[in-house]
1. Inside the stretch 156-175, can you point out the residues that are among the charged types (D, E, K, R) and either within 23 Å of V187 (Cα to Cα) or part of a loop (DSSP other than H, G, I, E, B) (or both)?
2. Among what's in the stretch 159-188 and is touching a Lys or Arg at 6+ places or on another chain (Cβ under 8 Å) and of a type outside the set (A, V, I, L, M, F, W, C), pick the residue that is surrounded by the fewest Cβ atoms within 10 Å (Cβ to Cβ).
3. For A305, indicate whether it is in a helix (DSSP H, G or I) and without any contact (Cβ under 8 Å) to a residue 40 or more places away in the chain.
4. Is it true that some residue in the stretch 285-306 is over 30 Å from I130 (Cβ atoms) and over 16 Å from the mean Cα position of the chain (by Cα)?
5. Just to verify a result, which residue in the stretch 320-339, among those that are in contact with a Lys or Arg (Cβ under 7 Å, 6 or more places away or on another chain) and over 14 Å from K114 (Cα atoms), is surrounded by the fewest Cβ atoms within 10 Å (Cβ to Cβ)?
6. Tell me which residues, restricted to the stretch 320-339, are within 13 Å of N111 (Cα to Cα) and free of Cβ contacts under 8 Å to residues at least 60 places away in the same chain.
7. Of everything in the stretch 32-69 that's among the small types (G, A, S) and modelled with pLDDT under 95, which residue is surrounded by the most Cβ atoms within 10 Å (Cβ to Cβ)?
8. Among the listed residues A209, A199, A256, A270, identify the single one that is closer than 17 Å to G59 by Cα, small (G, A, S) and in contact (Cβ under 8 Å) with a residue 12 or more places away in the chain.
Amino acid sequence: MKKVISAIVSVLLAGAAFSGCQAKTATPTATTAPSVTATAAPEKVEIRIGGLKGPTSMGMVELMEADEKGTSKNAYTFTIAGSADELTPKLVQGELDIAAVPANLASVLYNNTKKAVSLLAVNTLGVVYILETGNEIQALSDLKGKTIYATGKGSTPEYNLRYLLKENGLDPDKDITIEWKTEPTEVVALLSGEKGGIAMMPQPYVTVAQGSVKNLRIAVDLTESWDKLNNGSTLITGVLIVRNEFAEKHPEELQAFLSEYKKSTEYVNANIKEASLLVEKFGIVKAAVAEKAIPYCHITYMEGAEMKTAMEGYLKVLFEQNPKSVGGALPGADFYYEK
């Protein structure tokens with residue numbers, strides 16, 4: 001793999017304070033003002049963060065704006081990529097310090113880099129939905145005997161769907177027909193030409209599809225369906241991971257980042273219209289799409305014991321279906337970052 005070299009300029013804030021003493025007027029001989037050494041403000045540690053064009057990066061846009069304005073606690077450099085394949089080598093080669101990646105990829109990287117990364121937080125729950133142009137599907141059990149158009153074969157969308165179908169009493173190989181497509185655009189085209197079509201799609205493609213397919217509605221939220229199982233696990237889409245070398249060297253700066261990141265996710269959920277403009281500004285998705293999609297993206301911030309419980313349960317579900325999906329083994333306790 002050809003190594004990508006990026007030169008990044010650190011932000012240095014320096015301030016100098018000078019003072020002088022004027023000669024006393026009552027004294028015929030002027031006194032020389034003592035010199036005061038200029039004191040430079042400590043240099044901000046640069047933190048290089050990677051994210052993907054989609055829900056897993058939407059939660060950080062308020063932090064990206066603060067960094068641009070110079071009001072963030074740390075100096076940040078953000079890289080927003082089109083796919084995880086673009087971010088992974090940069091993280092492994094030390095060109096990124098923190099990355100927002102798919103949940104299972106975090107486990108894969110932990111296993112394949114000899115535990116060189118740790119999980120900081122869960123930042124996005126499920127973003128996948130069952131859609132239909134009719135009004136027959138109210139629950140997953142209603143899919144029996146139906147045909148579903150979907151993307152994500154051989155990856156987490158398929159594993160998630162199969163698990164949920166089984167937990168709702170359906171055999172995914174016998175009770176329904178799943179037609180797997182390569183791109184969401186293929187699914188949209190099929191929905192457009194078929195009355196009563198059913199599909200499984202992620203946000204923000206759901207929002208895009210609803211803009212072009214008449215009467216397309218969200219029938220089932222897979223995150224809500226997962227929560228109803230009440231089995232201690234959670235459907236997770238995206239997480240934040242950190243290189244352990246960086247975490248060990250800059251613990252205070254990392255804590256400052258986590259605090260700012262949490263604040264950013266809260267801002268996005270509370271200020272959807274304003275946040276959507278930032279989502280477009282930073283090249284993630286168009287504002288019009290983001291404004292409609294954010295309420296359905298399950299942007300969150302989960303850390304500590306809650307994060308560990310949720311992630312362990314989710315990775316176990318994936319592992320039981322395909323161990324390779326999590327890197328061949330479930331991560332150990334040292335995968336979960338502790339303050």
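The values are calculated or read from the model by the stated rules, or taken from the named source; none is laboratory data. Not measured: the values here are computed from a predicted model. We place every Cβ from the backbone using ideal geometry, glycine too, and count neighbours over all the protein chains shown.
1. Across the stretch 156-175, the qualifying residues are E158, R162, D171, D173, K174, D175.
2. Once the filter is applied, the top-ranked residue is T177.
3. Details: in a helix (DSSP H, G or I): yes; without any contact (Cβ under 8 Å) to a residue 40 or more places away in the chain: yes.
Here the answer is yes, as A305 does meet what is asked.
4. yes
5. Applying the filter and picking the extreme gives Q321.
6. Listed by number, the residues that qualify are P323, K324, A333.
7. First, the residues of the stretch 32-69 that are among the small types (G, A, S): 33, 35, 38, 40-41, 50-51, 54, 57, 59, 66.
Next, only the ones that are modelled with pLDDT under 95 stay: 33, 35, 38, 40-41, 54.
Working: A33: 12, S35: 9, A38: 10, A40: 11, A41: 10, G54: 23.
Here the residue is G54.
8. Working: A209 fails: closer than 17 Å to G59 by Cα; A199 fails: closer than 17 Å to G59 by Cα; A270 fails: in contact (Cβ under 8 Å) with a residue 12 or more places away in the chain.
Unique residue meeting the criteria: A256.
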